[in-house]
Amino acid sequence: MHSVPRELVNRVLAEVAEAVTETEQPAEELFGPAEEYAAVVATERVDVRHRSALDFEGRTPATHFRQGMVAGSIAVLIMTVAGTFSGEELSGASTLLLSLSTSVFVAVGFAVFPALRAAGRTRSAWLHGAGAGVIAAVGVCLAALPAIRDAHSFPFPPFAAAGCGLLLGVLGPAVPARVVNRWFSPGEGRRLDDEQWLRRLGELLHGRHGLPLRTAQQHVTEAREHLAATGSGAQQELGQVEIYAMDLTDGPGRDVQRIRHRLLGALSGAAVFAVLFTLTLLDPDSSGAAPWVHAVLFACSSALAVTLLRKMRTR
């Protein structure tokens, strides 16, 4: 949850094990619930520069990218298997177009978009998402053209499309985390003038830390007014912008933002599965998934949304 360095994790586990051995008391009695103690360790014993690079989910852009590529790989493999056994005959060209365009869309949606958002580059995230959507739509439209659907110029077995998914899963963990972080946050920690500093503050508050846009802009306005009153530079008066943004959002509100983000995802999933369920009922002869599959997924998403809503109300 907190992307704590592995060395500190091992050290804390050794300390807990030693305390349990010496006192012969359960770990929970000595240190409290595991989640609460993990939050204490992440707050008090992790370098502030490392903490400032984490978003409201406790992940760095590199973590989002690598985990997203693996998750996207699994999604592409599932779609490949479902498409292979759907009974619909596709030419090699159609299969190749669908495989490539779907892989691009999934890679951006699962990995690039959340990594850019965690880097505070929300506008770039939406631009990449829109570009991936256009690529996917063009690929689907081209694959559906009669000239391409009926073409048999080269064989491309449906199972070969799984290679696109496997490639995503391999590329994610293969790229070093520091390289990925440089890709998505090239200017992290550099010296900024006042306007760049204030603009970056808004980006970080809204993108990395998940504050509503209006709230983020209010913090920027307050910082601007404070600088105007003191006559000092932003960097000298308020420090590094990444650390200042983290300080503004540290505390219980971070947990609320995390739950809110997951709630929106669960609600979006429930809406999508409800639409798919309705479409399969209206067109029972379609070659898609059976209605009960969408019904089960809708029920799971709805149950998760209800659980998260209850958790948010208790905060």
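Convex hull over the alpha-carbon atoms of the stretch 102-240: what's its volume per residue in Å³?
132 Å³
Let's test the formula: R0 of 45 Å, r as the Cβ-Cβ distance of Ala274 and Leu171. What FRET efficiency results, to the nearest 0.05?
For Ala274 and Leu171, the calculated efficiency is 0.85.
Tally up the carbon and sulfur contribution to the accessible surface of the chain as a whole percent, 1.4 Å probe, everything protein left in place.
64 percent
With a probe of 1.4 Å, find how much accessible area the chain has per residue, and write the answer as a whole number in Å².
Heavy-atom SASA per residue in the chain reads 58 Å².
In debye, nearest 20, what is the charge dipole magnitude of the chain about its Cα centre with +1 on Lys and Arg Cβ and -1 on Asp and Glu Cβ, if you could check?
Rounded to the nearest 20 debye, it is 700 debye.
Please work out whether the chain counts as rounded, prolate or oblate from its C-alpha gyration tensor, where a ≥ b ≥ c are the square roots of the eigenvalues and a/c under 1.5 means rounded, while otherwise a/b larger than b/c means prolate and anything else oblate?
prolate
Ordered by residue, what ³J(HN,Hα) values in Hz, to whole numbers, does the stretch 50-62 give under the Karplus form 6.51 cos²θ - 1.76 cosθ + 1.60, where θ = phi - 60° and Gly and Pro are x?
With coefficients 6.51, -1.76 and 1.60, one gets 5, 5, 5, 8, 8, 8, 5, 8, x, 10, 8, x, 5 Hz.
First select every other residue whose beta carbon is under 12 angstrom from the beta carbon of Val175; then total the charges, Lys and Arg +1, Asp and Glu -1.
The answer is +3.
Estimate the FRET efficiency between Thr230 and Leu127 by the formula 1/(1 + (r/R0)^6), using the beta-carbon distance for r and 30 Å for R0, to the nearest 0.05.
0.25
Suppose R0 equals 22 Å; then what is the FRET efficiency for Met1 and Val48 from their Cβ-Cβ distance, rounded to the nearest 0.05?
0.75
If each of Thr21 and Val293 carries a label point 7 Å out from its Cα toward its Cβ, how far apart are those two points in nm?
Distance between the two pseudo-spin positions: 5.1 nm.
For the stretch 1-67 and the stretch 188-245, what is the separation of their C-alpha centers, rounded to whole Å?
Between the Cα centres of the stretch 1-67 and the stretch 188-245 lies a distance of 28 Å.
Taking only the Cα atoms of the stretch 179-312, how large is their convex hull per residue, in Å³?
151 Å³
Compute, for Cys300, the solvent-accessible surface of its heavy atoms (probe 1.4 Å) with the complete set of protein chains present, and express it in square angstrom to the nearest 10.
Using a 1.4 Å probe on the heavy atoms, I get roughly 80 Å².
Nearest 10 degrees is fine. How inclined is helix 34-44 to the longest principal axis of the chain, computing both from alpha carbons?
In the chain, helix 34-44 runs at an angle near 60 degrees to the longest axis.
The values are calculated or read from the model by the stated rules, or taken from the named source; none is laboratory data. These figures come from a predicted structure and were not determined experimentally. Please note: Cβ atoms are built from the backbone with ideal geometry, for glycine as well, and neighbour counts cover all protein chains shown. In case anyone asks, the SASA skips ligands and DNA or RNA and just uses the protein heavy atoms, side chains included. Shrake-Rupley method; radii C 1.70, N 1.55, O 1.52, S 1.80 Å.
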